[in-house]
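What follows is one structure encoded as structure tokens, with my remarks underneath.
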Amino acid sequence: MQAFHEVQFPPDISYGVTGGPEYSTDVVMTGSGYEQRNINWSQAKCKYQAAHGVKNENQMRRLLAFFRARRGKAYGFRFKDWLDFTGSREMIGVGDGKTITFQLIKTYIDDAGYTEVRKIRKPVTGTVRVYLDGAEQTDGWSVNYTTGIVTFTAAPAAEVIITADYEFDVPVRFDTDHCPLSIKEWDIYSWDNIPLVEIRV
């Protein structure tokens, strides 16, 4: 099992980072000029560059302490992707009268109707709301905030649509074991390269 700390990268530093989803695709060119494209991953993994999030001495000291506590690449942690951190009325399942556990997911749909389903394994504590056929359920269920699994005390009836609202973090790790700190000018601190990469948990 991968080592993971259930702590969030400082959100005031993560605000303004660059990054997003990355795929792994092998492209093989045939003799006739056609391409064969092989998809290696069933889901994307995000990569981020958080260098520009550091703006003052306080943030630098907090980031240094956070980096040391994770031992560089050794321990994963939570990261708030400010461009994509919510789900609204996301369908997570359909009742069958038997199943009581459902994984939080987010479905991305483009204008042509193509979809990708993303498993949400790190919902933010206190943000999950669950609905049965559009009616919010204030009890009768719980959520594991380390796995994103919703568990009902009684199985939802057959054909009932189960949806959820939530905020979520991305499980990531530092993609470096080196912390290259610098002071640019008086009271201007910098870490020119803070690479983060999503991990499977």
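Numbers at a glance
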item: Out of Lys45, Lys80, sole residue that is touching a helix residue (DSSP H, G or I) at 6+ places or on another chain (Cβ under 7 Å), charged (D, E, K, R) and in contact (Cβ under 8 Å) with a residue 40 or more places away in the chain; result: Lys80
item: Residues being out of contact with any Asp or Glu (no Cβ under 9 Å at 6 or more places or on another chain) and under 18 Å from Arg173 (Cα atoms) - total across the range 38-59; result: 4
item: Selection within the range 144-162 - under 24 Å from the mean Cα position of the chain (by Cα) and more than 13 Å from Gly97 (Cβ to Cβ); result: Asn144, Tyr145, Thr146, Thr147, Gly148, Ile149, Val150, Thr151
item: Wholly within the range 6-54, strands (runs of 3 or more DSSP E) carrying at least 3 residues that are of a type in the set (A, V, I, L, M, F, W, C); result: 25-29
item: Which listed residue, of Ala112, Ala69, is within 27 Å of Asp177 (Cα to Cα), among the aliphatic types (A, V, I, L, M) and either modelled with pLDDT of 95 or more or in contact with a strand residue (DSSP E or B) (Cβ under 6 Å, 6 or more places away or on another chain) (or both); result: Ala69
item: Selected residue [surrounded by fewer than 15 Cβ atoms within 10 Å (Cβ to Cβ) and farther than 22 Å from Lys119 by Cβ] from Val28, Val54; result: Val28
item: Strands (runs of 3 or more DSSP E) completely within the range 113-183 that count 1 or more residues being in contact (Cβ under 8 Å) with a residue 40 or more places away in the chain and surrounded by 14 or more Cβ atoms within 10 Å (Cβ to Cβ); result: 115-119, 129-132, 149-152, 161-167, 170-174
item: Per-region count, the range 85-112, residues touching an Asp or Glu at 6+ places or on another chain (Cβ under 8 Å), aliphatic (A, V, I, L, M) and in a loop (DSSP other than H, G, I, E, B); result: 1
item: Tally of residues being of a type in the set (Gly, Ala, Ser), within 26 Å of Asn193 (Cβ to Cβ) and out of contact with any helix residue (DSSP H, G or I) (no Cβ under 6 Å at 6 or more places or on another chain) across the range 15-42; result: 3
item: Verdict on Ala65 being assigned to a helix (DSSP H, G or I), out of contact with any Phe, Trp or Tyr (no Cβ under 9 Å at 6 or more places or on another chain) and not basic (Lys, Arg); result: yes
item: Arg78 being touching a His at 6+ places or on another chain (Cβ under 9 Å), within 16 Å of Asp169 (Cα to Cα) and modelled with pLDDT of 95 or more; result: yes
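The values are calculated or read from the model by the stated rules, or taken from the named source; none is laboratory data. Treat the numbers as computed from the prediction; the structure is a model and nothing was measured. In this analysis, Cβ positions are derived from the backbone assuming ideal geometry, glycine residues included, and neighbour counts consider all displayed protein chains.
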